[in-house]
Amino acid sequence: MILGAYTQPLIYDWNGDGRKDLLVSDSSGATFLFQNRGKDSEPLLNDMKTVMEVDGIPTISISNTGDSFKVLIGSQDNYINFYN
């Protein structure tokens, strides 16, 4: 796997299955998801899936609101992108 510069990882249970998945953003403006099919202690990550593309280097944050969560991806063009 080769990603761009300024790679920024975030570990989070993306799909609510109890296993921690991997979100990664890089300087291309893309945010990628790798879903964990294994255990947290022995992760087995799915192929990379592009979640969102923005202008600039994205910054990933999680907002957990009760039973749901939102991924907030800030970009250098002064926008905050939401992914539910």
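The values are calculated or read from the model by the stated rules, or taken from the named source; none is laboratory data. Not measured: the values here are computed from a predicted model. Glycine gets a Cβ as well: all are built from the backbone with ideal geometry, and neighbour counts include every protein chain shown.
Before moving on, here are some points about what is shown:
- Assessment of the stretch 3-24 against the conditions (at pLDDT 75 or above, in a loop (DSSP other than H, G, I, E, B), surrounded by 11 or more Cβ atoms within 10 Å (Cβ to Cβ) and hydrophobic (A, V, I, L, M, F, W, C)) yields at least one matching residue.
- Members of the stretch 5-14 that are farther than 11 Å from PHE34 by Cα and of a type outside the set (Ser, Thr, Tyr): ALA5, GLN8
- Selection count where residues are of a type in the set (D, E, K, R) and over 17 Å from VAL71 (Cβ atoms), scope the stretch 20-44: 4
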